[in-house]
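Single-structure report; data block below.
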Amino acid sequence: MPSETSQTLDRGLRALKVLADTPEGLTITELSHRLEVNRTVVYRLISTLEQHGLVRRDARSRLFVGLGVLQLASAVQPLLRDLAMPVLRSLAEALGSTAHLTVADGDEALALAVVEPTWTDFHVAYRVGARHPLSQGAAGKAIALLEGSDAAYAVTSGELQSGARGLAAPVRGVDGLRASVGVVTLAEAIDEDVVAPQVIEAARLVAERLR
């Protein structure tokens, strides 16, 4: 490691990344093995991170990313929203459907930015800040595709709102971001041949703007 960098800070950041990538949590010993660092050193790192709310322990002493990380992430959310809005606006107007950027927040999907089309008589109302399990809805299922799946998009019907159909694509290639871009519509069916390529392209454009 170059002399001008902090080894302790590097280890702390690596510890946070490992925990963020391990939703089932880790023990001190398991984290020590992952980092290839002495258990005593890891214990001191974790104690410091706990004091700042960046790491928490459950009743079994397993370690997880703490809620303090959300406070740091909340400062990034306005930037994500601002960068995604022009892409979402174009997508919503092109398809006449409500477009959204959704991010993973723990085991939930969080609607971070929403744009409704201006020219349609009826469209789905989708509230910024709305949450639902990652296992439900096209947005959440598209985020799950980031876990090694080659599928390009996810499509669902009526999982979150009766009569509503959604199609979403993961935002790929942005380190540390688990997100999707999608649309939700009241149409009887989604023409995947038409909608999917545009949603996939919108997700690519959002990723490009975030890099």
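The values are calculated or read from the model by the stated rules, or taken from the named source; none is laboratory data. For clarity, every value in this text was computed on a predicted model and none was experimentally measured. Methodologically, a virtual Cβ is constructed for each residue, glycine included, from the backbone with ideal geometry; neighbour enumeration extends over all protein chains shown. Note: areas computed on protein heavy atoms with side chains; ligands, DNA, RNA excluded. Shrake-Rupley method; radii C 1.70, N 1.55, O 1.52, S 1.80 Å.
In the range 1-69, which helices (runs of 4 or more DSSP H) lie fully inside it and hold 3 or more residues that are basic (Lys, Arg)? Walk me through it before giving the result.
Numbers: elements: 7-20, 28-35, 39-51.
In the range 1-69, the matching helices (runs of 4 or more DSSP H) lie at 7-20.
Could you identify the single residue in ALA138, ALA207, ALA142 that is at pLDDT 95 or above and in contact with a Leu (Cβ under 8 Å, 6 or more places away or on another chain)? Explain how you work it out, then say what you get.
On the way: ALA207 fails: in contact with a Leu (Cβ under 8 Å, 6 or more places away or on another chain); ALA142 fails: in contact with a Leu (Cβ under 8 Å, 6 or more places away or on another chain).
Every option except ALA138 fails the conditions.
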Open item on the list: Of the residues THR5, THR27, only one is at pLDDT 95 or above and open to solvent by 20 Å² or more (accessible area, probe 1.4 Å); which?
Closed with: THR27
Open item on the list: Please verify whether SER47 is under 23 Å from the mean Cα position of the chain (by Cα) and either at pLDDT 95 or above or of a type in the set (Gly, Ala, Ser) (or both), treating the condition exactly as stated.
Closed with: no
Open item on the list: So, ARG172, is that one among the basic types (Lys, Arg), in contact (Cβ under 8 Å) with a residue 24 or more places away in the chain and in contact with a helix residue (DSSP H, G or I) (Cβ under 8 Å, 6 or more places away or on another chain) or not?
Closed with: yes
TODO: Mind telling me which of the residues VAL65, VAL124, VAL103, VAL87 ends up being out of contact with any helix residue (DSSP H, G or I) (no Cβ under 8 Å at 6 or more places or on another chain), in contact (Cβ under 8 Å) with a residue 40 or more places away in the chain and among the aliphatic types (A, V, I, L, M)?
DONE: VAL124
- [ ] Scan (1) assigned to a loop (DSSP other than H, G, I, E, B); (2) closer than 17 Å to LEU205 by Cβ for the single condition ALA84 breaks and write down its number.
- [x] (1)
Task: Residue ID - nearest to ARG34 (Cα to Cα), chosen from residues in the range 66-99 that are under 15 Å from the mean Cα position of the chain (by Cα) and surrounded by 21 or more Cβ atoms within 10 Å (Cβ to Cβ) - done: LEU80
